[in-house]
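The values are calculated or read from the model by the stated rules, or taken from the named source; none is laboratory data. Since the structure is predicted, the reported quantities are computational estimates derived from the model, not experimental observations. Note: ideal-geometry Cβ built from the backbone for every residue, glycine included; neighbour counts use all protein chains shown.
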Amino acid sequence: MTATTTAAPAPIRREDRIIYLDILRGWAVLGILAVNAATFAWPSALEFDPTLARPWAGSPADVTGQWVVDVFFGDKFRSLFSMLFGVSIFLIGGERHDEAKGPVLHRRLMWLGLFGAIHGAAIWMGDILLHYAYCGLIAMLARSWSGRRLVLVGGGLSLLFALLSALALWATAAMAGQAGAGAGGNPFAMTPEDIQAAIATYQSGWPAAQIENFRSWLLLATFSLFLAPVTIALMWLGLGLFKTGFFTGRAPVWVYLLLAALAAGNLAFFAPNAWMDANAPAGETPSAGMSGVGASFAWVITLGYASVLILMTRFGLGVITRRLAPVGQMAFTNYLTQSLIMASLFYLPWAPLTFGDLAWGPAGLWMLVGGIWVVQLIWSPLWLSRFEMGPLEWLWRGLTYGRLPPLLRR
């Protein structure tokens, strides 16, 4: 075997990047903040247990703000990140039997897992990076499958999981309606007293807040193990869509229009049912579980969003969508920066300790999210005008390849 077959491949250059992927990645990293914001400011149980009364309940602005998150953002951007991560597995690792790129992909995922563990344990309990690292180690085994096979398997599994979720949520709502609120049997449920105790712990400052974050991260990281099949299926679906040309703007226009129409239909069904539930007392579901059914097919809405952005870029509106590309090129830096900013506002040692403050209901959080969006839309192109990549991308790439690449632009 010659030395050239095992030589470490060079990092991807800026000029080799695929603009559609950067645009979608930028859209994903901005959108995910809207979903994550509440778990920086409030105990995570308020996000995961619908039977709990929200402290901000009754404010029309807060009800509307939460409804917008649930309908237009919840799970859509995690799904998009998962699909795009599947694409990156192939772009970095190449074919499964590539003896040069394979070890690079392994190192990249292992370092990502370490970044994720530090992020979750020390900064924010909702970290997704560790989950992507171990899911990626499994998903990469299928990276040499054909695009058609990946779409059929990944899409089929995603559809199956969505149907099972829809059935479970509908049945849970039906049983809760018969047995009374709070009959869902959520193993991670907290009582209102638990919620207040968690808020008091975070507001007490370091080290209690740090310990509570670590405890919550361990709980969520354990629960995330059960979501691995869902994430891996989405990674395969994303890679299949890349190989068949969808994520590179080469699919027929009718495909994008069809997916956009399916997404619009889902939203038309989901939004009014979610609005009924949003305005009902805690634990009541006047939609009879239909909002949960709509939420289960979040990845369909994700593909609709992607279709609209790709069509806009293809047909003359790239001047708008390309604003997202620098944010996407620095997605790793921007994602972790979002965590650092938010945690610094609510519970890190230097924070003003506003965790659980009623000023930070969904409406207040939307103002904060919007401000961070503006900052990242401005700072990302400014940084990339002087540097080849984001600072954390530079560190991650250096660790992956065993050498630090040039950072300053030539």
Problem set entry | helices (runs of 4 or more DSSP H) contained entirely in the range 55-167, each with at least 3 residues that are among the basic types (K, R) and in contact with a helix residue (DSSP H, G or I) (Cβ under 7 Å, 6 or more places away or on another chain) | 101-122
Exercise. Got at least one residue in the range 4-24 being of a type in the set (A, V, I, L, M, F, W, C), out of contact with any Leu (no Cβ under 9 Å at 6 or more places or on another chain), within 24 Å of P381 (Cα to Cα) and at pLDDT 80 or above?
Worked result: yes
Exercise. Just for the range 71-88: of the residues that are surrounded by 22 or more Cβ atoms within 10 Å (Cβ to Cβ) and among the charged types (D, E, K, R), which one is nearest to the chain's Cα centre (by Cα)?
Worked result: R78
Exercise. Mind checking which pairs have a first residue in the range 130-159 that is buried (at least 20 other Cβ atoms within 10 Å of the Cβ) and a second that is part of a helix (DSSP H, G or I) and among the polar types (S, T, N, Q), Cβ under 7 Å, 6 or more apart or different chains?
Worked result: H131/S224; H131/T231; C135/T231
Exercise. Scanning the range 258-296 for residues that are in contact with a Leu (Cβ under 8 Å, 6 or more places away or on another chain) and under 15 Å from A306 (Cβ atoms), which turns out surrounded by the fewest Cβ atoms within 10 Å (Cβ to Cβ)?
Worked result: L262
For this session: Considering each of A198, A233 in turn, give the residue that is touching a residue at least 24 places away in the same chain (Cβ under 8 Å), under 30 Å from E95 (Cβ atoms) and out of contact with any strand residue (DSSP E or B) (no Cβ under 7 Å at 6 or more places or on another chain).
Result: A233
Exercise. Does the range 370-388 contain any residue that is among the aromatic types (F, W, Y) and more than 30 Å from D70 (Cα to Cα)?
Worked result: yes
Exercise. Can you list the helices (runs of 4 or more DSSP H) found entirely within the range 321-410 that contain at least 1 residues being in contact (Cβ under 8 Å) with a residue 12 or more places away in the chain and over 22 Å from the mean Cα position of the chain (by Cα)?
Worked result: 362-384, 391-401
Exercise. Looking at the range 219-297, what helices (runs of 4 or more DSSP H) fall wholly within it and have at least 3 residues that are under 30 Å from I18 (Cα atoms) and touching a Ser or Thr at 6+ places or on another chain (Cβ under 9 Å)?
Worked result: 228-243, 253-278
For this session: With the condition kept exactly as written, say whether any residue in the range 304-321 is surrounded by fewer than 16 Cβ atoms within 10 Å (Cβ to Cβ), touching a Ser or Thr at 6+ places or on another chain (Cβ under 8 Å) and over 22 Å from G65 (Cβ atoms).
Result: no
Seminar exercise, completed: Restricting attention to the range 174-192, the residues that are modelled with pLDDT of 80 or more and small (G, A, S) number exactly 0
